[in-house]
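*Asks:* Pasting in a structure now, in structure tokens, and then I'll have a few things to ask.
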Amino acid sequence: MTWRWEYEPDRETVAGGAPADFLEVEKMAAELVRAAEVLHLHGPSYQGADEGAKHAFVAGGFFVYMITPRSELLTIWQVTPDPLP
């Protein structure tokens, strides 16, 4: 298995309607995956509880995500562009 990220349930549901230039989300998600990979070197054998939902702020808004070490997966649940451009 290898670490990855994805939208949950899909990109259109989570990020549909967000401005095209707001896709800093995807760059940040990739960085968070690299960090999780280092933090959880043996992800599939992880025995602890998942950390729960977290927020990441990027230029133009923020997103809500969760890291699941046993699945070596970061899921993005919500993307919220800044209402004041």
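*Asks:* Keeping the other protein chains in place, figure out the carbon and sulfur percent of the accessible area of the chain, with a 1.4 Å probe.
*Replies:* Heavy-atom surface of the chain belonging to carbon and sulfur, 1.4 Å probe: 57 percent.
*Asks:* Here's something else I'd like to know. For the range 40-85 and the range 6-28, compute the distance between their C-alpha centroids and round to whole Å.
*Replies:* 13
*Asks:* Please compute the modelled spin-label separation between residue 54 and residue 31, points set 7 Å along Cα→Cβ, answer in nm with one decimal.
*Replies:* Going from the residue 31 label point to the residue 54 one covers 1.3 nm.
*Asks:* In deg cm²/dmol, rounded to 500, what helix-only [θ] at 222 nm does the chain give when every DSSP H run of at least 4 residues adds -39500 (n - 2.57) and the total is split over its residues?
*Replies:* -7500 deg cm²/dmol
*Asks:* Right, here's the next one. Would you mind working out the accessible area per residue for the chain, using a 1.4 Å probe, and quoting it in Å²?
*Replies:* 62
*Asks:* In vacuum, with every alpha carbon of the chain counted as one equal point scatterer, what does the Debye formula give for log10 I(q)/I(0) at q = 0.14, 0.17, 0.19 Å⁻¹? Two decimals, please.
*Replies:* -0.47, -0.66, -0.80
*Asks:* Here is a further query. If you take the square roots of the eigenvalues of the alpha-carbon gyration tensor of the range 1-41 and sort them as a ≥ b ≥ c, do you get rounded (a/c under 1.5), prolate (a/b over b/c) or oblate?
*Replies:* oblate
*Asks:* List the residues, sorted by chain then number, that are 5 or more residues from residue 61 or on another chain and whose placed amide H is less than 5 Å from its amide H.
*Replies:* Hits under the 5 Å cutoff: 82.
The values are calculated or read from the model by the stated rules, or taken from the named source; none is laboratory data. Remember, it's a predicted structure, so these values are computed and weren't measured experimentally. Positions of Cβ are generated from backbone atoms using ideal geometry, with glycine treated the same way; all protein chains shown enter the neighbour counts. For accessibility, only protein heavy atoms count, side chains too; no ligands or nucleic acids. Shrake-Rupley method; radii C 1.70, N 1.55, O 1.52, S 1.80 Å.
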